[in-house]
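The structure is given below, and queries will be raised subsequently.
Every number here is computed from the coordinates shown, using simple stated rules; none is lab data. Computed from a prediction, not measured in an experiment: that's the story for all the values here. Cβ placement follows ideal geometry from the backbone for every residue including glycine, while neighbour counts extend to all protein chains displayed.
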Amino acid sequence: MEIRERLQNIETFLRQYGIEGEDAFIVLTTFYLRLHNPKPVSKNLTFYKGQGEALLSKLNNDILLIEQLEDYISNDIKGDSLPIAYQYFLSKKFRDNTGKFFTPKEVAEAMSNMLNIQEGAIVFDPTCGGGTFLTSVLKRWGKSKVKIIGNDIDKSLVFLTEVLLLIHNTNKDNKFEFHNHNLYSDFDAFNKLFGKVDYILANPPFSMQIKSLDISSPLFNLGYRNSDALFIDLCFELLKDGGKLVCLVPHSLVANKDFQKFRTEIEKRWTIKGVFILPEGVFNTTSNTTTRADIIILNKGKEEEKSNVVFGNISSVGVATSQKQKEPVENELKEILKQSKVLTSLN
């Protein structure tokens with residue numbers, strides 16, 4: 001049975017109790033928390049778990065529903081399908097006017113592979129969404145120690161991210177930090193991180209208009225008054241000298257003539273390590289949109305020695321880019337990153 005069929009069955013049962021949308025997602029996620037019983041890092045997780053337990057207390061006598069939940073989790077012990085469940089139960093809330101799209105796991109894993117493992121590194125996703133990037137980082141670091149920081153404007157997404165990270169964590173020395181701030185207005189909340197972050201890995205909201213700022217932003221001052229420009233300037237403040245930004249941006253920033261000054265300004269303060277042009281429809285399976293995105297890899301500051309820039313025009317990333325694609329899709333991005341000369345140039 002497909003994941004969405006299982007979710008549909010659970011949804012049907014929960015509706016009999018008037019439990020829908022976010023509450024339905026919380027019930028399912030609380031079942032995972034019962035199984036793994038991780039120690040909460042944030043008050044946010046404690047709050048949602050309490051809410052989930054209160055809802056579940058109404059359902060304990062429904063044997064068929066409990067069996068549905070147990071069956072679902074038995075096929076997904078580590079919760080890898082929770083981002084899919086989130087989208088299933090909260091799709092309208094997630095997509096309406098947010099500029100956000102969940103990143104396919106295949107793309108997130110490839111982007112995390114562009115980071116060089118450093119013991120004790122600080123990795124930050126300022127718009128963590130469903131936690132796909134940070135979960136990929138946790139898996140990549142393995143036995144090496146890492147501090148992972150996640151932030152999102154949506155509390156339920158921060159909850160999802162924390163759940164996934166705690167379920168997947170196998171190193172007691174790892175540290176986690178979770179925030180619930182608007183990246184584009186609550187600037188003071190991130191002051192303590194300025195100049196301290198080793199890596200930023202993210203898929204920020206695309207092309208949201210920003211009317212005014214309380215901080216200095218060279219790109220904003222050039223007239224690029226959108227979330228993409230502000231995000232890159234904020235990352236510059238957050239990263240250490242030499243720190244790395246790996247993020248998705250609208251294809252127009254990389255390709256359109258209108259953004260030539262944008263690209264010139266970036267070259268003044270960053271070292272461009274790589275650009276990967278992704279195929280149209282890369283968000284089709286996760287968000288049913290043809291929005292086109294590219295990956296940019298930037299190091300903070302200008303390097304003394306000139307290095308080669310990796311440029312790739314990727315035709316496939318391991319996920320279907322249209323509804324017509326049914327056969328398994330080749331992951332050209334993953335294959336390219338297996339080449340040692342590519343990884344050396346990116347680091």
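Please list, or write none, the lysines whose alpha carbon is within less than 20 Å of the alpha carbon of Lys261, excluding same-chain residues fewer than 8 places away.
Lys211, Lys273, Lys300, Lys302
In whole angstrom, note down how far apart the Cα centers of segment 180-244 and segment 4-79 are.
A separation of 35 Å, based on Cα centres.
When the convex hull of the C-alpha atoms of segment 105-346 is computed, what volume per residue in Å³ does it have?
131 Å³
Pairs of Cα atoms under 8 Å, at least six residues apart: use those to get the relative contact order of segment 105-346, whole percent. Walk me through the numbers on the way to the answer.
Numbers: 482 pairs, mean separation 38.7, N = 242.
After rounding, I find 16 percent.
Can I ask one more? Pull up all non-local amide H partners of His179: gap of 5 or more, or a different chain, and H-to-H distance under 5 Å with H placed in the peptide plane.
For His179, the qualifying residues are Gly150, Asn151, Asp152.
Still on this structure, I have one more. Roughly what % of Cα-Cα distances in segment 62-160 sit above 21 Å, to the whole percent? Numbers along the way, then the final one.
Numbers: 2072 of 4851 pairs.
Value for segment 62-160: 43 percent of Cα pairs lie more than 21 Å apart.
So, one more: Quick one: putting +1 on the C-beta of Lys and Arg, -1 on the C-beta of Asp and Glu, what dipole do you get for segment 3-95 around its Cα centre, in Debye to the nearest 20?
Values: 12 positive and 12 negative charges, 92 e Å.
Here segment 3-95 has a charge dipole of around 440 debye.
For Ser216 and Lys306, calculate 0.36 nm times their separation in residues minus their Cα-Cα distance, and state this gained length in nm to one decimal. Walk me through the intermediate numbers first.
Values: separation 90, 0.36 × 90 = 32.40 nm, distance 2.85 nm.
So the chain would gain 29.5 nm between Ser216 and Lys306.
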